[in-house]
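Here is the structure we will look at.
Rule-based calculations on the coordinates, nothing more; no lab input. Worth saying up front: this structure is predicted, and the values here are computed from it rather than measured. Neighbour counts run over all protein chains shown; Cβ positions are idealised from the backbone, glycine included.
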Amino acid sequence: MPEEKTKTVVNSWNEWDPLKHVIVGRADGTMVQAPEPACVRNWPQYGFPMGTYGPLPKEMEEKANEQLDNFAKLLEDRGVRVDRPTPLDFSQKAQTPDWVQESMFGVMPPRDVLLTVGNEILETTMSQRSRWFEYLAYRPLLEQYYKEDPNFRWEAAPKPRLIDQSYHKDFWINNESKDEEAKMQHTYNKEWGLTEAEPLFDAADVGRCGKDLFVQRSTVTNAAGIDWMQRHFPEHRVHEVTFLEPEPMHIDATFVALRPGLVLSNRKRVPLSEEMKELFKINDWEIVPCAEPAHEHKAKLSFCSVWLSMNILMLDPKTVFVEEQETAQMEQFNELGFNVIPVPFWDVAAFGGGLHCATADVYREGTLEDYFPKQVPGY
Ligand code: NVA
């Protein structure tokens with residue numbers, strides 16, 4: 001019998017190597033989440049005052065899906081294999097032996113759940129009860145990759161209990177009435193709604209630069225989660241990072257590596273970690289402040305900020321997908337020498353983010369490299 005050829009399906013070490021295979025999310029059935037210890041929505045102006053929940057309006061869902069399908073097509077036209085998750089009924093309750101949560105969330109942002117590091121895809125813990133079962137929407141794909149690729153490492157972080165001890169009681173309800181300065185104090189203290197009772201982290205708090213993983217300590221990622229990641233990836237250097245922002249959640253509208261030696265940094269959310277700045281400096285990386293965003297206000301029913309302007313997807317180290325209304329950001333990319341592909345995507349914002357959020361890497365052509373050969377001791 002001729003030897004069967006094995007195929008590498010999963011491989012991605014950073015944010016910029018040539019993209020060949022990606023998962024693009026879907027807007028189907030996305031919910032304004034029911035209140036829970038980790039998340040409280042309050043949008044009275046759009047019919048969802050605090051305590052209420054339900055599906056996002058159908059006409060919004062249709063527009064978002066149109067833009068997601070269009071983006072998938074653009075990627076395919078560039079030779080990228082695109083897979084889509086299988087939505088669940090997100091209006092149903094989620095339940096474990098410890099708690100019952102009145103609604104789930106959705107499956108637009110695969111980036112939040114799936115962390116690809118080399119030949120591994122890690123299902124992260126998530127820290128909201130409404131998102132506990134979100135990994136199930138990706139299982140058909142992960143099962144398929146597992147069959148296709150004998151070297152694929154399919155991993156899942158310990159499922160968190162998410163019991164009351166995992167949270168500071170009423171953090172989000174109390175936070176509503178605080179001013180900016182009081183909110184910022186939580187950032188200086190690195191303490192928001194999560195306790196350190198168990199490891200908790202979202203994949204979207206991780207910026208991947210080869211051997212170095214930059215992980216944002218945030219409202220959804222605690223120190224125990226970052227420690228778990230370091231132990232899980234012993235060959236990597238996991239660096240905790242924080243930025244000046246009152247309610248940090250996900251690094252990809254704050255600090256985005258574009259190619260070796262160049263990172264785009266949110267012009268408002270300055271880095272607080274001195275060691276991180278030092279690490280970039282001694283390795284000759286340039287930190288460039290991003291352009292002004294196109295929008296003044298968040299999209300309707302969106303929990304994401306206007307800084308989705310920098311939530312971009314690199315097709316390769318020279319080509320970047322940018323939301324089509326972000327003209328200043330596109331101009332800046334042109335000046336930095338990138339080819340820009342504009343993509344209509346603002347209607348997706350309410351479903352959980354921008355172009356980076358809406359995708360999860362499966363395959364980028366490249367190998368594990370050390371882009372930070374000089375290290376800062378103890379960091
Ligand atoms: N939570 C952050 C990141 C979104 C991708 C923001 O809203 O800016």
Taking 0.36 nm per residue of sequence separation and subtracting the Cα-Cα distance, how much length would be gained by fully extending the chain between Asp98 and Arg231, in nm to one decimal? 45.1 nm
So for the range 146-282, averaging the separation of alpha carbon pairs under 8 Å that are six or more residues apart and normalising by length, what relative contact order in percent results? 20
Could you work out the relative contact order of the chain, using alpha carbon pairs under 8 angstrom and six or more residues apart, expressed as a whole percent? 22
Which percentage, to the nearest 5, of the DSSP beta bridges contained in the chain is antiparallel? 60
Dipole magnitude (debye, nearest 20) for the range 276-321, charges at Cβ of Lys, Arg, Asp, Glu: 200
Can you tell me how the range 165-237 classifies by the Cα gyration tensor, rounded, prolate or oblate, using a/c under 1.5 as the rounded cut? prolate
What distance in nm separates the simple spin-label points at Ala197 and Glu275, each placed 7 Å from Cα in the Cβ direction? 2.8
Rounded to one decimal in nm, the spacing of the 7 Å Cα→Cβ label points at Ala328 and Lys73 is 3.2
Using 0.36 nm times the number of residues separating Leu336 and Lys7, minus their current alpha carbon distance, what extension gain do you get? 114.9 nm
Classify the chain: rounded, prolate or oblate, from the alpha-carbon gyration tensor (a ≥ b ≥ c, eigenvalue square roots; a/c under 1.5 rounded; otherwise prolate if a/b is larger than b/c)? rounded
Candidates Trp132, Trp228, Trp192, ranked by Gaussian network fluctuation over the chain, Cα under 10 Å, top entry: Trp228
From the residues Ser127, Ile173, Thr116, which one has its Cα farthest along the dipole of the range 112-174 in the positive direction, the dipole being from +1 and -1 charges on Cβ of Lys/Arg and Asp/Glu about the Cα centre? Ile173
With +1 at each Lys and Arg Cβ and -1 at each Asp and Glu Cβ, the charge dipole magnitude of the chain around its Cα centre, to the nearest 20 debye, comes out at 280
Checking the range 294-358 for GluC sites (Glu not before Pro) in a loop per DSSP with at most 16 other beta-carbon atoms within 10 Å yields Glu296, Glu324
State the answer as a single residue: which of Thr8, Phe71, Leu355 lies farthest towards the positive end of the charge dipole of the chain, with beta carbon charges of +1 for Lys and Arg and -1 for Asp and Glu, about the Cα centre. Thr8
Among Lys7/Lys281; Lys58/Lys298; Lys183/Lys211; Lys20/Lys159; Lys7/Lys63; Lys20/Lys147, the pairs whose Cα-Cα distance exceeds 27 Å are Lys7/Lys281; Lys183/Lys211; Lys20/Lys159; Lys7/Lys63
Highest-fluctuation residue, Ser166, Ser309, Ser12 considered, GNM on the chain with Cα pairs under 10 Å: Ser166
Towards the positive end of the charge dipole of the chain, with charges on Cβ (+1 Lys, Arg; -1 Asp, Glu), say which of Gln33, Trp285, Ala197 has the farthest Cα. Ala197
For the chain, set up a GNM with springs between Cα atoms under 10 Å and report which of Asp98, Asp316, Asp252 has the largest fluctuation. Asp98
Label points 7 Å out from Cα along the Cβ direction at Ile287 and Asp179: separation in nm? 2.8
Could you work out the helix-only [θ] at 222 nm for the chain, with each DSSP H run of four or more residues adding -39,500 (n - 2.57) and the total divided by the number of residues, to the nearest 500 deg cm²/dmol? -6000 deg cm²/dmol
Quick check on the range 12-169: take the gyration tensor over C-alpha atoms, sort the square-rooted eigenvalues as a ≥ b ≥ c, and tell me if it's rounded (a/c under 1.5), prolate or oblate. oblate
